[in-house]
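We did not get these values from a lab; they are worked out from the coordinates using the rules stated. Quick caveat, the model's predicted, so the values are computed rather than measured. Backbone-built Cβ (ideal geometry, glycine too); neighbour counts: all protein chains shown.
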Amino acid sequence: MSDDTTPARARDTRTAVVTGGGSGIGRSAALALAGDGWAVVVAGRRRGPLDEVAAVSERIVPVVADVSVEADVRRLFDETVARFGRLDLLFNNAGTGAPATQFDEITLDTWDEVLAVTLTGSFLCAREAFRIMRTQTPQGGRIINNGSISAHAPRPLSAPYTVAKHAVAGLTKQLQLDGRAFGIACGQLDIGNAATTMGSGAADGTMQADGSIRPEPTMDVAETGRAVAYMAGMPTGANVPNLTVMPTAMPFVGRG
């Protein structure tokens, strides 16, 4: 593109889409990628936080989109390609949880909401990214899914989120297989106890497998952005299929 809305250097810059990019892990990833020279489209449902992230760097462009809405997802990726000409990276980060609830008291509305954003949203975004990466020239790209520690070990009373994240792990493996022929790499980043609005409650005390409430260590959310940038920066033909980043003393190994 050569219109006036295309940032200088855009045609020579790797382009990324970061979902859930207005806060927390998504914001950290967007800033880290921009710092590494990427053009970054941050997507989310709220305009305010997206604009705040975009104000930090001229390399960051905000697009309001709900990843659980198919039309929004298509528009997000169409706008990205119209502006930058191609897509090199998707960080599939958007997700939502639910309050701790006994399994037999989980409502269908809660179940549907968590899976719609965390799983279906990841599928919809990956599908659009795959379509672009398969058909663009040069072909290929990279998809990084936010899997979470919960993709491997559940917290008590968190069935919707745990199931959604386990399914994201299956999505990652399928993309790794189906993307091979087209130069599309896929990796999964599993994050534990980052100091975000969603994750920092662990420092005050979180439920353990035995039902007790105990505080757990947290880490600076900036470390998650560094991890995304590392995975994203791998050369063509190399991939990090799985990466876990968490506080050193977090009780994950041996949990339960």
note = GNM on the chain, Cα springs under 10 Å; top mean-square fluctuation among 28, 212, 158 goes to 212
request  = Could you tell me the largest-minus-smallest coordinate of the C-alpha atoms of the stretch 1-154 on each of the three principal axes, in descending order and whole angstroms?
outcome  = 56, 32, 27
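What dipole magnitude, in Debye to the nearest 20, does the stretch 126-210 give about its Cα centre under +1 on Lys/Arg Cβ and -1 on Asp/Glu Cβ?
Using only the charged Cβ atoms, the result is roughly 440 debye.
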Dimensions (Å) - the stretch 76-229, Cα atoms, principal axes, largest first = 54, 34, 27
query = What's the angle, to the nearest 10 degrees (0 to 90), between helix 159-178's Cα axis and the longest principal axis of the chain?
reply = 40 degrees
request  = Estimate the FRET efficiency between residue 134 and residue 69 by the formula 1/(1 + (r/R0)^6), using the beta-carbon distance for r and 22 Å for R0, to the nearest 0.05.
outcome  = 0.45
task = Net charge near residue 166: determine it from the other residues with C-beta under 12 Å of the C-beta of residue 166, scoring Lys and Arg +1 and Asp and Glu -1.
result = +1
task = Would you mind getting me the FRET efficiency between residue 81 and residue 109? Use the beta-carbon distance for r and R0 = 30 Å, nearest 0.05.
result = 0.30
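Per 0.36 nm of contour for each residue apart, how much would the distance between residue 56 and residue 101 grow if the chain were fully extended, relative to their Cα-Cα spacing?
Between residue 56 and residue 101, full extension yields an extra 12.4 nm.
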inquiry  = Order these by the 10 Å Cβ neighbour count, fewest first: 38, 111.
reply    = 111, 38
query = With axes computed from alpha carbons, what is the tilt in degrees of helix 121-135 against the longest principal axis of the chain, rounded to the nearest 10 within 0 to 90?
reply = 30 degrees
222 nm mean residue ellipticity, helices alone, for the chain (DSSP H n ≥ 4; -39,500 (n - 2.57); rounded to 500) = -11000 deg cm²/dmol
ask   = So for 132, 144, fewest C-beta neighbours within 10 Å to most, what's the order?
value = 132, 144
